[in-house]
Amino acid sequence: VPELPDVEGFRRTMARHATGKTITNIVVPDTEIVRNASPAVVAGTLRRRTLEKAERHGKWLIARADGPALLFHFGMTGDLIWGENARDRHPHDRAIMVFGDGELRYRNMRRFGGLWLARDDAEREELLGGLGPDALRVSRARFLERLGARRGRLKPALMDQTVVAGPGNLVVDETLWSARLSPLRTIASLTDDERTRLFNAMHDVLKKSSRRGYIPEEPGWLITVRGNPGASCPRCGTTLRRMTVGGRTTYWCPRCQPD
Ligand SMILES: [Zn+2]
């Protein structure tokens, strides 16, 4: 499932191959994948414009085209691929942004997420306005202020895109394991030191994984073991706990992250 680090990877793909180039066409084989406009309107709005900038906010990728913008959300199975030959298109390529020397393909098997057209800055802000600040760029003070305004348990608060935008299930479990905080802790119970530890861990997890475009399966990361039956903590060897928290399968170490 694409989370902030993956979308940062997609942003780099877009920036590397397509920024500064003219959009020659938008091909939309899946006529319903653009959620707020018809394929004809999308093509009519973006054709012959320059893709001036690829931006990311949380799990959203924003292709700015000199006024209007196309907003990408990758849902559960989304991907963004650069290709040079239209013959290599895949049946799950739902929308294709065509340039003179190649094309960006929005591939999404399960079709969650989708694309949204923003005709101008005001529409773009309206579409993204409910999101909190980007989790990779948010300052510690702002993060702690937003977290402090929430009640309830840690895990659902960190998953909530209105608190900070970007973390998903894997990033949150990795962050809590790194900060040695149980997902079952309540926000109200956190000491100042624990809050700082939480912010530092989130920032560190996001920074290291964004550089690669995914959470690295390397020693010292929870992701290397999570999902294996009877998995043990990569730090202390204790058998991990597994439970549904906030509607998502959650792994944590009962020794390093006591409730
Ligand atoms: Zn442990």
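Here the label points at Asp101 and Glu84, each 7 Å from Cα along the C-beta direction, are separated by 0.9 nm in the simple model. The angle between the Cα long axis of helix 4-18 and the longest principal axis of the Cα atoms of the chain comes to about 30 degrees, rounded to the nearest 10. Estimated from helical segments only, the mean residue ellipticity of the chain at 222 nm is -9000 deg cm²/dmol, where each DSSP H run of four or more residues counts as -39500 (n - 2.57). Electrostatic tally near Gly114: other residues with Cβ closer than 15 Å to its Cβ, Lys and Arg +1, Asp and Glu -1, net +3.
What do you get for Rg/Rh of the chain when both radii come from the Cα atoms and Rh is the Kirkwood radius? Don't skip to the answer; put the middle values down first.
Details: Rg = 19.7 Å, Rh = 19.4 Å.
The Rg/Rh ratio comes out at 1.02.
Each Cα pair under 8 Å and six or more residues apart adds its separation to the average, and for the chain the resulting relative contact order is 18 percent. Computed on the range 174-232, with alpha-carbon pairs under 8 angstrom and 6+ residues apart, the relative contact order is 33 percent.
No lab work stands behind these numbers, since they all come straight from the coordinates. Everything quoted here is computed from the prediction, not taken from an experiment. With ideal geometry, Cβ positions are generated from the backbone for all residues, glycine too; neighbour counts draw on all protein chains shown.
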